[in-house]
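Notes follow once the structure below has been shown.
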Amino acid sequence: MEEARTALTQTAARAPARTRRARNLTLLLESADGLFERAIRLSELAAWACESEGAALQGTAQWIARGENAIARSLRRRPLDLAVSFAAGGSLRRPFLEPPGAPVVANARNGDIVPHLLAEQRAAREEIEMAFDAVYALWTGGEAGDIFGDAPTAPTTHPALNLLEKLRGESSARSTMFRHAWRVAAVGAVDVLLLWTLHLPRGAWLGLTSIIVLQPTGSGTWRRAWQRVAGTVAGGIFAAALAVGTPNQTALLAVIVACAGLTLACFAVDYGLYSFFLTPTFVLLSLPRPGDWHYAGVRVELTVLGAGVALLAMRWCWPEREHRELGRLLRAGAGTVAAYHRAVLRFWQEPTPQRRRLLARARRDCGLASNAAEEALDRLLLQPSFGRRQNPEISQALRFTTSLRRLTQSVTTLASLGRPPPGPVAANPARLEACAARLDALHLASPRSGRELPPGDVRQEINPEMPGDVGEWQIWRIEHQIAVLESAAVL
């Protein structure tokens, strides 16, 4: 597991789709770590078990092993059903909804083993379900936190209202795209000023380079600038050689067509190669007279100047630093989920239409916060230097973002009940408030001080029996997932 975690944190994503895959693989690692802990705990209980208890422990271990083998087989080879059997209500998931029973306490030598065994079965069920969600998401290209069958679908709204909500959300100075829009405007103004002042030929190349190189994030801008400049310089040398060595117009046209085809072929592969073949295409098309190789130098000079303007704009106009931004967004995500908990409590106390609207707004805030944190993490994973270093905080951030989305879905399921869970655990509202307080305190944690809630603390708060009520099960699931967040806190 340590080797797998190291490989995951040292492998650059290279494409946005692979960042979702990284989150799902991190979720699988998290579940594997939890199931390994369950195996150790079962071995400890076996030392104190009598014959009837030993049979129950063996049945529990075999039940866990069947789930682990099913997960392992699906990762070695793509399932024929595209992992539909791992989805909610799938044929592989149904046998794991109810763990094997516990021995009768009257026949036990040590009755304390029974509640411990039931608690381990409940934790193992949560880990197996989490792994099944990740397997399904891996083979369908989705997010593991979005496929729970027990989570209600958010009500749809009118498209015009959605557009207004998006515009309002992107019109704040905290919005990355809002800052990027003003940055692009500033770069365009500087380019026009340079064209008027220096009287540059082919000035459109300068503006196009600056706008193309400038990205919403600092790492993206640096990466695009390096690829654009390196590809253009090499392509300029190649274009100068072609301009001198091409004997006639027919050969020149054939070279242009070949370079244009290679440009399109490399567009989705590597931006540096794309820039390399793009340069001779435009230079040869723009030659004022045959054999004028100096025109390639104009292209290179304007590209370097345009990339420099973009880099200076990113450096001085609202600079974006992903490492700092990620920590802030993770804290904000935990805070929005804590507010969601309290919105559920208020709705339980007074289930009015106004409270329901506040509940929907809190759920939407959680989704936006999760999306923002995942996008910031994606930008870090896409950095070209990411694969050359080992950053343990990235691994913990992957665990944090995936667990945060799962936690939001669990709270949504609990909120859909419309009432506090009944039963002997009448303090469920108080437990939910305690969960919100733990989320508010997550900013005090660090990679070295992050802790996981001990199993003994959990058993003091829940029934030793498997919860029969859906709401009580969701309360326990929320507590368990918050414990995962506490252990993965990188704030």
Extension reserve of the E433-A265 stretch, reckoned as 0.36 nm per residue once the Cα distance is removed: 54.9 nm
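Return a whole-number percent for the relative contact order of the range 313-380, with Cα pairs under 8 Å and 6 or more residues apart as the contact set.
47
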Phi to ³J(HN,Hα) by Karplus 6.51 cos²θ - 1.76 cosθ + 1.60 over the range 278-293, Hz, x for Gly, Pro: 5, 4, x, 4, 6, 5, 5, 6, 9, 4, x, 7, x, x, 7, 6
Equivalent ellipsoid, the range 261-358 (semi-axes from 5 times Cα gyration tensor eigenvalues, Å): 56, 18, 12
Cα centre as origin, Lys/Arg/Asp/Glu Cβ charges: the range 218-316 dipole, Debye: 240
Per-residue ³J(HN,Hα) for the range 21-28, Karplus 6.51 cos²θ - 1.76 cosθ + 1.60, θ = phi - 60°, Hz, x for Gly and Pro: 4, 5, 5, 5, 5, 5, 5, 5
Ordering of 200-210, 334-344, 179-189, 226-236 by packing [mean C-beta count within 10 Å, highest first]: 334-344, 226-236, 200-210, 179-189
Table column - 3J(HN,Hα) (Hz), the range 30-41, Karplus curve with 6.51, -1.76, 1.60, x for Gly and Pro: 4, 5, 5, 5, x, 5, 5, 5, 5, 5, 5, 5
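Every number here is computed from the coordinates shown, using simple stated rules; none is lab data. Just so we're clear, the structure is a prediction, and the values are computed from it rather than from any experiment. Because the Cβ atoms are built from the backbone with ideal geometry, glycine has one as well, and the counts that use them run over all protein chains shown.
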